[in-house]
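Have a look at the structure below before the remarks.
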Amino acid sequence: MKARTKFLVGALAIVLPAGWLMAKSTTDTGVYYLTPSELGTKIAKDPSLYETGIKVGARVVPGSIVRDPGGRSVAFVMTDGAKTFPVTYRGLAPDTFTDSADVVVEGRLGRDGTFRATTLLAKCASRYEAAPDKYKAMPGYRNGAGRPEP
Amino acid sequence: MILVGELALWVAMLMAAWGTTVSFAGGATGRGTLIASGERASYATLAFVILASLGLWSALFASDFSIKYVASFTSSNLPKAYKFTALWAGQSGSLLFWSLILALYAAIATFNNRRRNREMMPYVTGTLSAVTLFFLLVTCLGSNPYERLDWLPPDGRGMNPQLQNPGMAIHPPTLYLGYVATAIPFAFAVAALLARRLNAEWLAAVRRWALLSWFFLTIGVVLGMWWAYVELGWGGYWAWDPVENSSFLPWLTTTAFLHSIMIQEKRGMLRKWNVTLVISTFLLSILGTFITRSGVISSVHSFAQSPIGYWFAGFLVLAIAVSAYLVSTRLSDLKAQAHLESMVSREASFLFNNLLLVGIAFSILWGTLFPILSEAVRGTKITVGPPFFNQVNIPLGLLLLGLTGVGPLIAWRRASPANLQRQFTGPVIGGFVVGVLLFALGMRDAYALIAYTLAGFVLATIVQEFAKGVGARRRMYEENAILALLRLIARNRRRYGGYIVHVGIVVLFAAFAGLAFKKEFDITLAPGERFAATDPYGDQWTFVSNGVSRFQQLNRHVTAVALQTTRNGKSMPLITSEKRQHVDSRGAPTFEPSTEVGILESLRQDVYVVLAGVSANENAEIRVTFNPLVWWVWFGGVIMAIGGLIVMWPQADLRRPQGGYLASLKPEAEVVGGS
């Protein structure tokens, strides 16, 4: 066998398992990434999505945050302006988690309509830049420390 | 000065436009006046971009809050050093900073090559001017740092406290220095394709730039890990976040290129592949910028969504189209001059190395872009998380680690059984000894055992190489061991510098494998209360809370907890963690509270303490993490940087004839190296 052919065989011996691993990991670890509205519509059509791992990107409704005194768990309401879901999260909420923060929660939506999050990522809208205009129209939009938008 | 700066920004853009036009025209017609004008335009662009940056800096230092950028990212009580770094704290400023580095690199590349590579240089200057023009266009029209406010705020919003950290002051610029440097090899590749000068000369000119880019990317990525570890307080240093991934992708392809370039130099193989790698690296750094700026992929680091992402998308599409056209029309000029002779050869091991590096890059790209891909194909966003990246990349990474030991030792063309036996008997035994020893000591994590076995093997190959080289010098020149070692490295910088980089890689892998043994505890401590835990090494630790204290400091309110610590009954240093609320000059809070992590660092492990909050009765809510071997991540990064420096350091005797493929070229082809 020529060396090039051998190399191709060797390469396939790496590429094929790696490709299989990628495909398998993608299906194993892939989760829907939805907005609250999309989640609402999807789950109405397909109830099997209850109690399935899902990721939701939304915004915290101002004033809805209820922190456990120890900081170990937190409850809040998330929204995209159209649809809202109550969320509970056990764990340390990041520093950036606050009223009106953009959050990404990963967890399961219970049949009672509460989203039980296992991970909570938050980024503050004012982290690097002013919030995009579409957020300014949202109820409860607050800029930085409550001063007028510069 | 501010007005001058703003004006200079527009002039710089016009200069870049002029430089692009006349350089390409000069390249096509061969007219010397046009070419010279293009080169002067490149210097002029640099001068005006410098002026534009100085203008913004003067506005930042003067706290001129009529400028939106200054008001958004600084406040009058911000320490001076951070007013300086504020230039890259926000989007429009960092775009200007990007243009500054690019213009600087372009001017250096143009100046260094003013007397060589004449057929290519107009196209190199033209391509670099075009890229600079793009960035200046975005800066001027898409996101202008000089944008004014129609009212004058009494104070600025201040800088995000997480950016008020010395690591953050140097992390973005180093990463930019690395990202932007990928444009130079890209420009040379485009120029070589345009001018159909596709022999080794363009490669020699770009090798140093690729190394420079690799060097800064390495430092930038490791600094980013360090910053995330000490500042974000989640206990880790790498989360496979899209922004982290996009800095890692060009590093992977550059590393692949730095290896495959050797095969082209020695054997004239992989010519298409090298052109493709250079172009892909640049495209990946633009893609990375697009990902981080456009908000198409959600990331905790993201800059806010902004339309300039679409400028980058447009530019990316254009660059892909041009590159694809150029490569496809020049395929006949890129024929390989040799073929693979044996699977047991250095060429083959380097091919596998490239395959793995590019495979890893592909899987990371796949995972990062998957939300977009799935939305395009199936209409719903699906994301994959850290488990995906770990499942795919740990096995590929371990294979790569193994090849790190094989590649440098195996003979070119065709290795004989004798060669294999001579080179590998010792290291293979060394690796197994490490693995068996760790197993006997009770380590049962399969991936960690494989990682340490391979690490032992690779380290043994490198030690063996150094020992052989030193031994040979001692016999030939009768030098003492230290002198022989230093001279050995100094006389063969590429080779032994490369080995030192490999040592850094081994150290990094060993440190990553330590993650398998991480232990984490969430605890509540009343003042004076005690908590006991066993660390991954089996040592007993106790933590006693000194209670919560609150005080004022510089521009912030601080809530702190201090823990008295003992290990196996022996007293250790106090560990403190803080929550900080930053305030502006009027005392109003700015941003969310940030966490200051308490870290007790040692070679064995970090004890990582985070104050999560204070509950009723002044109870401190604390997370304690035992993080094994984290120090070695930073140390591995330092070793890699040192190795990179050794490889890059200009070698005096470039003219000494080299064997192999280069020697068969025209004599002038081998002295063009030092661009």
Among residues of segment B:223-252 being aliphatic (A, V, I, L, M) and either assigned to a helix (DSSP H, G or I) or not assigned by TED's automatic domain parsing to the domain that holds B:Leu163 (or both), the residue nearest to B:Pro386 (Cα to Cα) is B:Val243
Within segment B:130-173, the residues that are crowded, with 21+ Cβ neighbours inside 10 Å, away from every other protein chain (no Cβ under 13 Å) and either among the small types (Gly, Ala, Ser) or free of Cβ contacts under 8 Å to residues at least 12 places away in the same chain (or both) are B:Ala130
Condition met for B:Val327 (outside any loop (DSSP other than H, G, I, E, B) and either of a type outside the set (Lys, Arg) or in the same structural domain as B:Ser285 (by TED's automatic domain parsing) (or both))
yes
All-but-one check, B:Asn199 against (1) surrounded by fewer than 20 Cβ atoms within 10 Å (Cβ to Cβ); (2) touching a strand residue (DSSP E or B) at 6+ places or on another chain (Cβ under 9 Å), failing number (2)
Query raised in the report: Taking B:Gly587, is it over 16 Å from B:Gly233 (Cα atoms) and either touching a residue at least 24 places away in the same chain (Cβ under 8 Å) or of a type in the set (A, V, I, L, M) (or both)?
Result: no
If we keep only residues of segment A:80-98 that are within 14 Å of another protein chain (Cβ to nearest Cβ) and out of contact with any Ser or Thr (no Cβ under 8 Å at 6 or more places or on another chain), then the residue nearest to A:Pro62 (Cα to Cα) is A:Thr98
Log entry, pairs with first residue in segment B:78-93 being more than 24 Å from B:Ala588 (Cβ to Cβ), second being assigned to a loop (DSSP other than H, G, I, E, B) and modelled with pLDDT under 90, beta carbons closer than 7 Å, six or more apart or on different chains, reads B:Gln91/A:Tyr128; B:Gln91/A:Glu129; B:Gln91/B:Ser143; B:Gln91/B:Phe303; B:Gln91/B:Ser306; B:Ser92/B:Ser143
Q. Does B:Gly405 satisfy the condition of being more than 26 Å from B:Gly268 (Cα to Cα) and among the small types (Gly, Ala, Ser)?
A. no
Whether any residue in segment B:521-538 is in contact with a Leu (Cβ under 8 Å, 6 or more places away or on another chain), in a strand (DSSP E or B) and surrounded by fewer than 19 Cβ atoms within 10 Å (Cβ to Cβ) is what I want to check.
yes
The residue that is modelled with the highest pLDDT, considering only those in segment B:337-370 that are within 10 Å of another protein chain (Cβ to nearest Cβ) and in a loop (DSSP other than H, G, I, E, B), is B:Ser345
Taking segment A:12-53 and keeping only residues that are over 16 Å from the mean Cα position of the chain (by Cα) and crowded, with 17+ Cβ neighbours inside 10 Å, one is left with A:Ala18, A:Leu21, A:Met22, A:Ser25, A:Thr26, A:Ile43
Within segment B:371-391, residues being part of a helix (DSSP H, G or I), within 7 Å of chain A (Cβ to nearest Cβ) and crowded, with 20+ Cβ neighbours inside 10 Å number 2
Those residues of segment B:314-341 which are out of contact with any Leu (no Cβ under 9 Å at 6 or more places or on another chain) and either surrounded by 17 or more Cβ atoms within 10 Å (Cβ to Cβ) or of a type in the set (A, V, I, L, M) (or both) amount to B:Phe315, B:Val317, B:Leu318, B:Ala321, B:Val322, B:Ala324, B:Leu331, B:Ala338
ask   = In this structure, does B:Leu398 turn out to be within 16 Å of B:Ile291 (Cβ to Cβ), out of contact with any Lys or Arg (no Cβ under 6 Å at 6 or more places or on another chain) and buried (at least 16 other Cβ atoms within 10 Å of the Cβ)?
value = no
_Would you confirm whether or not segment B:89-98 contains a residue that is of a type in the set (Ser, Thr, Tyr) and under 25 Å from the mean Cα position of the chain (by Cα)?_
yes
Counting only residues in segment A:65-120 that are without any contact (Cβ under 8 Å) to a residue 24 or more places away in the chain and small (Gly, Ala, Ser), the one surrounded by the most Cβ atoms within 10 Å (Cβ to Cβ) is identified as A:Gly71
Looking across segment B:570-594 at residues that are over 27 Å from B:Thr74 (Cβ atoms) and among the β-branched types (Val, Ile, Thr), the single one that is surrounded by the fewest Cβ atoms within 10 Å (Cβ to Cβ) is B:Thr576
Reported set for segment B:595-618 where residues are crowded, with 18+ Cβ neighbours inside 10 Å, within 28 Å of the chain's Cα centre (by Cα) and among the small types (Gly, Ala, Ser) is B:Gly598
Across (1) within 14 Å of chain A (Cβ to nearest Cβ); (2) part of a strand (DSSP E or B); (3) closer than 21 Å to B:Pro166 by Cα, B:Glu592 clears everything bar (2)
Residue count, segment B:375-409, condition over 27 Å from B:Thr276 (Cβ atoms) and in contact with a strand residue (DSSP E or B) (Cβ under 9 Å, 6 or more places away or on another chain), comes to 6
Restricted to segment B:392-446 and to residues being closer than 30 Å to A:Asp28 by Cα and of a type in the set (D, E, K, R), the residue farthest from the other protein chains (Cβ to nearest Cβ) is B:Arg444
**Request:** Taking B:Asp522 as the residue in question, decide whether it is closer than 20 Å to B:Gly235 by Cα and within 14 Å of another protein chain (Cβ to nearest Cβ).
**Result:** yes
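Results for (1) without any contact (Cβ under 8 Å) to a residue 40 or more places away in the chain; (2) part of a helix (DSSP H, G or I); (3) of a type in the set (A, V, I, L, M), shown as yes or no for each residue.
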position	(1), (2), (3)
B:Val428	yes, yes, yes
B:Leu459	no, yes, yes
B:Lys468	yes, yes, no
B:Gly471	yes, yes, no
For segment A:78-114 the number of residues that are more than 13 Å from the chain's Cα centre (by Cα), β-branched (Val, Ile, Thr) and part of a strand (DSSP E or B) is 2
Residue check for B:Thr127: in contact (Cβ under 8 Å) with a residue 60 or more places away in the chain, surrounded by 24 or more Cβ atoms within 10 Å (Cβ to Cβ), among the polar types (S, T, N, Q) and closer than 17 Å to B:Ala109 by Cβ: yes
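The values are calculated or read from the model by the stated rules, or taken from the named source; none is laboratory data. Note that the structure is predicted; figures quoted are calculated from it, not measured. As a convention, Cβ positions derive from the backbone with ideal geometry for all residues, glycine included, and neighbour counts pool all protein chains shown.
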